[in-house]
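The block underneath contains the structure these notes are about, expressed in structure tokens.
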Amino acid sequence: MRPVAVPGDVHVAPLTPARWADLEALFGPGGACGGCWCMWWRRTRREFEAAKGDGNRRAFKAVVRAGPPPGLIAYRGGAPAGWCQVTPREVLPGLDRSPLLRRVDDVPVWAISCFFVKADHRGYGLTGALIAAAKAFARDNGAKVLEAYPWDARVRKSPSTIFTGWAATFARHGFRVVARRVSRRPIMRCALDTFAPPEDGGKGTHEGGPAGGALRRPLRGS
Ligand SMILES: CC(C)(COP(=O)(O)OP(=O)(O)OC[C@H]1O[C@@H](n2cnc3c(N)ncnc32)[C@H](O)[C@@H]1OP(=O)(O)O)[C@@H](O)C(=O)NCCC(=O)NCCS
């Protein structure tokens with residue numbers, strides 16, 4: 001396993017309309033992967049296929065314009081480098097259509113449902129930085145429990161298949177397995193009411209706070 005160190009010049013911020021151009025620069029013309037534009041969990045398969053590319057781009061732009069911010073952008077050295085979608089789970093009906101990821105119980109949860117790290121910024125621990133920031137962002141916006149849907153082992157998969165992250169990364173950030181419908185696909189949760197804000201000395205900063213305000217605090221190093 002490659003060592004992961006979050007570099008000190010990482011800054012994470014909520015995706016507000018003012019940052020839409022940064023998301024476009026990060027995702028590129030392919031909308032991250034295959035014209036997705038982070039609409040995969042929001043649409044039925046048929047809707048998704050029909051809107052692939054520009055239709056999904058316009059739909060996600062409308063989501064961002066309407067607010068609240070549907071996720072976080074990580075900047076490395078000032079350049080948009082990584083993304084994670086973090087929202088209340090109920091805005092992502094595709095999760096409940098998935099036999100593996102359908103709801104575990106009636107507990108209201110938020111979900112980390114997608115990562116994308118630009119190719120030249122991969123392998124630097126940005127997913128850990130995004131998870132740390134997502135915990136603070138979800139908690140500051142009223143979430144009590146944060147859920148994730150990672151892969152559990154270093155299975156040989158293409159990077160685009162690992163868009164929900166690795167279980168080991170989530171475990172390091174306090175997530176525990178609550179369900180496992182197939183061996184390599186756990187559902188993990190982290191209780192946010194017992195989560196202490198990162199301490200000084202972390203690497204990087206993020207902006208969080210209700211509705212993606214300007215609270216800045218250092219990230220806990222991975
Ligand atoms: C999956 C993805 C987010 C990982 O990004 P990354 O920057 O490489 O991840 P990190 O550096 O934070 O590392 C995360 C974990 O993967 C491991 N890792 C990183 N690069 C690795 C490699 N080449 N081989 C094996 N493991 C690797 C790290 O060791 C780390 O594990 P740990 O947390 O247990 O220590 C990235 O590959 C990606 O964006 N893929 C495309 C996803 C996509 O298409 N999303 C949009 C869907 S529409």
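A short reminder: the numbers here are calculations on the coordinates, not readings from a lab. Just so you know, these numbers come straight off a predicted model, no measurement behind them. Neighbour counts run over all protein chains shown; Cβ positions are idealised from the backbone, glycine included.
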### Task
Would you mind ranking 20, 37 by Cβ crowding within 10 Å, fewest neighbours first?
20, 37
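Would you mind calculating the relative contact order of the stretch 104-184 from Cα pairs under 8 angstrom and at least 6 residues apart, reporting the percent as a whole number?
37 percent
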### Query
Lys pairs in the stretch 10-218, Cα-Cα under 29 Å, at least 8 apart or on separate chains: how many?
13
## Note on the structure
With bins of 5 Å, the percent of all Cα-Cα pairs of the stretch 1-106 per bin from 0 is 2, 12, 20, 21, 18, 13, 9, 4, 0
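Two-decimal Rg/Rh of the stretch 18-74 from alpha-carbon positions, Kirkwood Rh? Display every interim value, and only then the final one.
Working: Rg = 10.7 Å, Rh = 11.4 Å.
In the stretch 18-74, Rg relative to Rh is 0.94.
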### Query
From the phi of every residue in the stretch 49-58, what ³J(HN,Hα) in whole Hz does the Karplus formula 6.51 cos²θ - 1.76 cosθ + 1.60 yield, where θ is phi - 60° and glycine or proline is x?
4, 5, 9, 2, x, 5, x, 5, 4, 5
### Message
Just want the ordering: 38, 33, from fewest to most Cβ atoms lying within 10 Å of their own Cβ.
### Response
33, 38
## Note on the structure
Taking placed amide H atoms and a strict 5 Å upper bound, the residues 5 or more places from residue 166 or on another chain that come that close are 151
## Note on the structure
Residue by residue through the stretch 34-40, the couplings from Karplus 6.51 cos²θ - 1.76 cosθ + 1.60 with θ = phi - 60°, in Hz, x for Gly and Pro, are x, x, 6, 6, 6, 9, 3
### Query
For the stretch 131-139, what does the Karplus curve 6.51 cos²θ - 1.76 cosθ + 1.60, with θ = phi - 60°, yield as ³J(HN,Hα) per residue in whole Hz, taken in order and with x for Gly and Pro?
4, 4, 5, 5, 4, 5, 5, 5, 4
